[in-house]
1. With the requirement that a residue be β-branched (Val, Ile, Thr) and modelled with pLDDT of 85 or more, what does region 699-732 give you?
2. Assess whether Tyr452 counts as being part of a strand (DSSP E or B) and in contact (Cβ under 8 Å) with a residue 40 or more places away in the chain.
3. Is it the case that Arg576 is at pLDDT 95 or above, basic (Lys, Arg) and open to solvent by 30 Å² or more (accessible area, probe 1.4 Å)?
4. Go through Leu70, Leu76, Leu119 for me and flag whichever is out of contact with any helix residue (DSSP H, G or I) (no Cβ under 8 Å at 6 or more places or on another chain), closer than 30 Å to His201 by Cβ and open to solvent by 50 Å² or more (accessible area, probe 1.4 Å).
5. Among the listed residues Pro586, Pro636, which satisfies the condition of being out of contact with any Phe, Trp or Tyr (no Cβ under 7 Å at 6 or more places or on another chain), of a type outside the set (Ser, Thr, Tyr), closer than 30 Å to Leu427 by Cα and open to solvent by less than 80 Å² (accessible area, probe 1.4 Å)?
6. Within region 411-447, count every residue that is outside any loop (DSSP other than H, G, I, E, B) and either among the β-branched types (Val, Ile, Thr) or open to solvent by less than 40 Å² (accessible area, probe 1.4 Å) (or both).
7. Does any residue of region 294-311 turn out to be open to solvent by 30 Å² or more (accessible area, probe 1.4 Å) and free of Cβ contacts under 8 Å to residues at least 40 places away in the same chain?
8. Pairs under 8 Å by beta carbon, first residue buried (at least 19 other Cβ atoms within 10 Å of the Cβ) in region 529-543, partner at pLDDT below 75 and among the acidic types (Asp, Glu), six or more apart or different chains?
Amino acid sequence: MKSYTDKLFLKSLSLAILMALPLAASAQSADDVANLIKPTNYLEFGLGYVQHDSAQFGQYNGLGSSGPYLIGNFGLTGGDAYGQNSGTRVWSVTGTDLGTTSRSIDARIRDQGKWNLGLRFDQLRHNISDTYETPLQGSMGGNVFTMPSGFGVVSAARPSTPDPYGTRTLTATQQAYFHRVKVHTERQNTGVTVGYDFNPHWNTRFNWNHMEQSGAKLISSGTDENTPSAGFALAGYGLRGEAIQVLMNPTNYTTDNLDLALNWRGSRAFLSVAFYASNFTDHYDSVSFPNPYTTTNVANGTILPGAYPMDALSTPPSNKFNRGSLTAGYNITPRTRLVGGYSYGRNTQNQNYVNLDQMQPGGLPATSLHGRVIITHADLNLTNRTTRHLSLSAGMNFDKRDNRTPAYAYDYFDLGGEAVTSVNIPLSYSKSRGELSADYRFGHGQHLRAAYEYEKTHRWCNSALSNNAQGDLPTAFAGYYTVASCVQVPKNVEDKYVLTYRANATEQLDFNAGYSYSDRTATVNASFYNPMQAISEGFENFGYRAYFDASRTQQMIKAGTNWQASKHLSFSLDGRATYDNYTDSPLGVQDGHSLSLNFDTTLVMSEHASASLYASAQRRTRALLSAYQRNAVAPPANTWTNDLTDKAAIYGITAQRGGLMGGKLKLIGDLSYSLDTTRYYTALNYVDAACTAPSRGGYSCGAVPDIRSQLSRLRLTANYAIDRKSTLVFGY
């Protein structure tokens, strides 16, 4: 018989008082065996208070708004399988964080070896911002926003003098229309789990989950100068395109996931047949918003004689995914095992385009994407316990994403108002991976592992239209491409060698170290043309490589140790360093470094008192070489470098003291400080007057101000045990 208990994990609540009756996590029975046989039921309730509104503090814990909170947790368990009873049935009902927007409830019942049933519900709110301000009218989570008629226009015409213009000179009336909106998203999950055992060899499992998402996320969008309005036409104003607005993009989604499996297990083999389905529905197809910007030099706040132009952004399209899979394993000998699997999936998306005809001269070539992607996977692994000390393994897997979406030529207007053509890219790829490894145990607690890993990636497009250059070939680039392709790097091959060592030198000291070296080679199409771009924009700068596909060598070393110096004192230290060198990138990322160190120590002063110190530091750098202007057939003359440095550090101390007030009171404290810093530095390898003299356009070289994030945090907790079944928890 298997017995279990669901334990509560309390979240830290700032400025909260928790009252627990009885608190299972703090008042567990001293008799652990008895607790397994008869799990403890518990009920917790408390009052929490948050002093200030803070979306950052309450990002996920449901405590984003100021004020009091009633918080509750409970756990109830029963059934004739507990205690000294002879039954096989158990049930449980648990609730966590009730009273907040991160609540959850779970109910289960099972008859061991026969069937099981589970129901669950959980809610989670993501507080994004409580400082977002906008003049737009419309509800958070809605998809239609309008501008108050009295707001007027915003002139984006640059004046003849260097005076501020545009949104930097909004009138007092326009500023008065700005109002604050709390932006958040919320998800609610409802799930059902069912299992049935036909006999000791056969069983089936079913799982269904329904998720609803509401609210909005912030998104930036540019306005469209090709959408007219009667108001702008009557006033004789020109529309301003690419003027930025920050919008509340709605998240009105529903997702249904289903898992169904039939499993068989024998004495030497197992087999599982499964089906998975996912259906994502977006109940909106777009979000619309007004464009108040004009290119005409008029006073901000000038009232339009008619309506504002309306722009639209599409929201994520609804889609479906279905997959069938087969997994099997067989013990060839007592020391040799073979396991493999195969799956086939189909992803479709065919929602109609949001076509307002504002950018497509002559309309669209199709009413929808007709998206269809076939996903296949296969894997096979062989393991052998060769000797008492040596284990060998070999494995391979294959993944293929075959994008069978048709390609179309889309006509649209660019920023200059010129009609151009681009082609969508149905990119496909496959990855083949293989691994050989040997694990050897020798000496006293020593372990050595050596492995070789191989990975090969292919990329291609099924459509001939995606493999042809679009637009007119500029005279300067004559002869640039001989073989057009939708990908710049059609093939990558990577070899990786790994060596790790672990040793338990003594019962008090253990050590681990590892080194890996990988070499990735890229096959580059030197005449790559991007069909999504138009005219000369589709030609790549000579020698440029995207870092995630480029040829690269990487070395990594890591080590760590744990030392129990005495009965009361222990230390832990580990670190990791990497070096990336991009060996065939005339332009692009040249190299990168990373280093991380972690340290902590714990001192146990007595049975009831202990303290810990911890520290962590990380540093990452990246060097980039790029070029100004375009040149597809020769190295660009004007190059520039950009160096990035990220640094992060955290320091802290925790302490606890128990045994106070006759053993009833326990105090816990945690104090930490963290600082993250990001720095960019740009240097030009040519002369630019903007680097030596101020201009309204700013500077294009040198260092920008550091981007810093600093956090100090203090947590204090007091647990007072009223009796064996009841505890008061005070937290700040």
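The values are calculated or read from the model by the stated rules, or taken from the named source; none is laboratory data. Every value quoted in this text rests on a predicted model; they were computed, and no experiment measured them. Reconstructed Cβ throughout: ideal geometry from the backbone, glycine too, with neighbour counts over all protein chains shown. We work out accessible area using only protein heavy atoms, side chains counted, and drop any ligands, DNA or RNA first. Shrake-Rupley method; radii C 1.70, N 1.55, O 1.52, S 1.80 Å.
1. Hits for region 699-732 are Ile707, Thr717, Ile722, Thr727, Val729.
2. Spelling it out, Tyr452 is indeed part of a strand (DSSP E or B) and in contact (Cβ under 8 Å) with a residue 40 or more places away in the chain.
3. yes
4. Answer to the check: Leu119.
5. Pro586
6. Number satisfying all stated conditions: 11.
7. No, that holds for no residue.
8. Asn530/Glu537; Ala534/Asp414
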